[in-house]
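This report concerns only the one structure given below.
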Amino acid sequence: SFQGIYKYLERCFSDFKQRGFVVGYDTRGQVTSNCSSKKLAKLTAAVLLAKDVPVYFFSTYVPTPFVPYAVQQLKAVAGVMITASHNRKEDNGYKVYWENGAQITSPHDKEIIKCIEECVEPWNGSWNENLVDTSPLRQDPLKKICDCYMEDLKKICYHRELNMQTNLKFVHTSFHGVGHDYVQLAFKAFGFQPPIPVPEQKDPDPDFSTVKCPNPEEGESVLELSLRLAEKENAKVVVATDPDADRLAVAEQQENGCWKVFTGNELAALFGWWMFSCWKENCSENADVKNVYMLATTVSSKILRAIALKEGFHFEETLPGFKWIGSRVKDLLDNGKEVLFAFEESIGFMCGTSVLDKDGVSAAVVIAEMATYLEGKNLTLAQKLIEIYETYGYHISKTSYFLCYDPPTIKRIFEKLRNFDSPQSYPKFCGIYNILHVRDITTGYDSSQPNKKSVLPVSKSSQMITFTFQNGCVATLRTSGTEPKIKYYAEMCALPEQSDRSVLEEELQKLIEALIENFLEPDKNGLIWRSA
């Protein structure tokens, strides 16, 4: 399949052979098929080396964000990272980054797939994985990229002195993946003592033998080893990077001894507050807050919108998937804007703009600095989160899914919503809840726009409809690109004066029940509830 990518790049870039290509990989191994990430990476590099293209091939595994970072630093035409991130151990895959350092979006992805389909016969020499060890066109960018990355990271370090003096201890787990060495270096760059690693999980293990699934989003159940170690070491904060270190989970021990595992949306509230306060304290006299941006995907919390409205900076939404954030951030930077932070609810965070993709390494050390600063103010992360909600309005969200193995049923559910009471009409109510606006990304319709057209790109190949309710709730139903799921995302966006959290939670819960009963009809449609 990689030959197709080569063919497409050759069409796009006349200077391909001068600028070269970056190849990175994680620590996955397929014992059964003898097909590890490293082996796939060597084959990828061989296709290019056989065609006389210079390849920057990392000599060891790296975090996913190192590839887009290297593409920009080395001015390569593109890069590929061989990883299946937090998927099951049986999986593997790759991410492709363009010259701008962002993941590819359409039209490139469609064009590449066309080229891949045209190139099914393996070329001569392209299975010679040893080319990586012998070709003079192969360079190892590891040291240069690692050093530059750690140096650039210091741009978002604001309290080095505090970090050097703190007595707070941190535990880090790298989930049997690539994160250990790089998180250690990041903490050092910020002036911290190294975080305490979880010994059973610090070294790469393609079988992920101590967790039932290598996805830190699963919360407390998969964080078991790190939480027990933290209790033993008296560390109050645990940071967990997923196997390819582009996402971050965080847990904090509360006064009562229990652990709070933050959701992606809660962490985003903390990051948004933090990155903006640091900007405000450090910006020049004539800096214009109107030039400042934060971004999130449409299925993520609207908390940044609330902070932006009150503080005067800009907030923008993109389609789900960090590739859309990356390419939009690049546009904004090219137009002289300043982007402080972007995120997606599935614990993907981008602090600063050194890397135009989600990055768990930088996010981990920013959380550590934030916790250190807050401790000096006698606050925990959880207490600060409540302060943020009280200042900008509570944002309470819930995300879950149903399994559905029958594509026609999924299609029928969404078609019914487009022809609800009569043909070509969306629902006006969901149970007792009044619907103000409907946006349908599949068809490009948006009732809130004067011309009724959505400002986000149309995405015909997937189903996605968002409802905005009179009571301040926003709910999205969408299909998953990679799994047989119908996902729902619902959020109660309250105003600062509505501060009774339990009332808001109850309202959200009732609305979700109405949404499921009226729009998804699980019994009638044979949907399988997510096993709690």
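The values are calculated or read from the model by the stated rules, or taken from the named source; none is laboratory data. On a predicted model such as this, the values are computed, not experimentally measured, just so you know. Here Cβ is always computed from backbone atoms with ideal geometry, including for glycine, and neighbour counts include all displayed protein chains. Just the protein is used for accessible areas: all its heavy atoms, side chains included, with ligands, DNA and RNA removed. Shrake-Rupley method; radii C 1.70, N 1.55, O 1.52, S 1.80 Å.
Would you be so kind as to identify which of 427, 471, 393 lies farthest towards the positive end of the dipole of segment 393-529, taking Lys and Arg as +1 and Asp and Glu as -1 on Cβ and the Cα centre as origin?
The listed residue farthest towards the positive side: 427.
Please report Rg (one decimal) and Dmax (integer) in Å for the Cα set of segment 393-529.
According to the Cα coordinates of segment 393-529, Rg and Dmax are 14.9, 45 Å.
Could you give the length gained on full extension between residue 391 and residue 218, defined as 0.36 nm per residue of separation minus the Cα-Cα distance, in nm? Can you show the working numbers first?
On the way: separation 173, 0.36 × 173 = 62.28 nm, distance 2.93 nm.
So the chain would gain 59.4 nm between residue 391 and residue 218.
Quick one: longest stretch of the chain between exposed loop GluC sites (Glu not before Pro), exposed meaning at most 14 other C-beta atoms within 10 Å and loop per DSSP? Please report the intermediate quantities before stating the final value.
Numbers: sites that count: 90, 255, 285, 497.
Longest site-free region, per DSSP loop and neighbour criteria: 286-496.
What residues have an amide H closer than 5 Å to that of residue 430, excluding those fewer than 5 places away on the same chain, when H is modeled at 1.01 Å from N in the peptide plane?
435
Which value, in debye to the nearest 20, describes the size of the charge dipole of segment 393-529 about its Cα centre when Lys and Arg Cβ atoms bear +1, Asp and Glu Cβ atoms bear -1, and nothing else is charged?
That gives a dipole near 620 debye.
Considering the zone a paramagnetic label at residue 133 would reach in this model (a point 7 Å from Cα along the Cα-to-Cβ line), which residues of segment 42-59 have amide N under 18 Å from it?
The answer is 42-47, 49-50, 57-59, whose backbone nitrogens lie closer than 18 Å to the label point.
What distance in nm lies between label points placed 7 Å from Cα along the C-beta direction at residue 483 and residue 110?
2.8
Suppose we look only past 21 Å in the calculated P(r) of segment 331-408. What percent of the Cα-Cα pairs does that tail hold?
For segment 331-408, the share of Cα pairs beyond 21 Å comes to 52 percent.
Running Debye on the chain with equal point scatterers at the Cα sites and no solvent, what base-10 log of I(q)/I(0) appears at q = 0.10, 0.12 Å⁻¹?
Computed log10 I(q)/I(0) values: -0.85, -1.23.
Using only the C-alpha atoms of segment 149-264, find the volume of their convex hull and express it per residue in Å³.
106
Run the dipole for the chain about the Cα centre, Lys and Arg Cβ at +1, Asp and Glu Cβ at -1, nothing else charged, and hand back the magnitude in debye, nearest 20.
Value, rounded to 20: 960 debye.
Using amide H atoms built in the peptide plane, which far-off residues or other-chain residues are under 5 Å from residue 300 H to H?
Amide H to amide H, under 5 Å and 5 or more residues apart or across chains, residue 300 pairs with 345.
Given the C-alpha centroids of segment 447-503 and segment 46-111, what is the distance between them in whole angstrom?
Comparing the Cα centres of segment 447-503 and segment 46-111, I get a distance of 32 Å.
Find how much the distance from residue 497 to residue 207 grows on full extension, using 0.36 nm per residue of separation minus their present alpha carbon separation; answer in nm with one decimal.
Values: separation 290, 0.36 × 290 = 104.40 nm, distance 4.95 nm.
In short, 99.5 nm is gained.
Keeping the other protein chains in place, figure out the carbon and sulfur percent of the accessible area of the chain, with a 1.4 Å probe.
On the way: 11390 of 22850 Å².
The value for the chain is 50 percent carbon and sulfur by accessible area.
Using the basic label-point model (7 angstrom from Cα toward the beta carbon), what is the residue 506 to residue 460 distance in nanometres?
Placing both labels 7 Å along Cα→Cβ, they lie 4.8 nm apart.
Would you mind listing how long segment 470-532 runs along its three principal axes, going by Cα atoms, in whole Å with the largest first?
Principal-axis extents of the Cα atoms in segment 470-532, largest first: 40, 24, 24 Å.
Based on DSSP H runs of at least 4 residues, each adding -39500 (n - 2.57), what is the mean residue ellipticity at 222 nm of the chain after dividing by all its residues, to the nearest 500 deg cm²/dmol?
-11000 deg cm²/dmol
Between residue 260 and residue 529, how high is the FRET efficiency from 1/(1 + (r/R0)^6) when r is the Cβ-Cβ distance and R₀ = 22 Å? Nearest 0.05.
So the FRET efficiency works out to roughly 0.30.
So what is log10(I(q)/I(0)) for segment 42-118 at q = 0.12, 0.14 1/Å, when the Debye sum runs over its Cα atoms only?
These q points yield log10 I(q)/I(0) values of -0.37, -0.50.
Using amide H atoms built in the peptide plane, which far-off residues or other-chain residues are under 5 Å from residue 196 H to H?
Amide H neighbours of residue 196: 170, 171, 172.
Of 398/510; 89/202; 310/330; 51/95, which sit over 19 Å apart, Cα to Cα?
310/330; 51/95
Among 17/75; 38/155; 75/323, which pairs are too far apart, with a Cα-Cα distance over 24 Å?
Values: 17/75 12 Å; 38/155 32 Å; 75/323 19 Å.
In this structure, 38/155 exceed 24 Å between Cα atoms.
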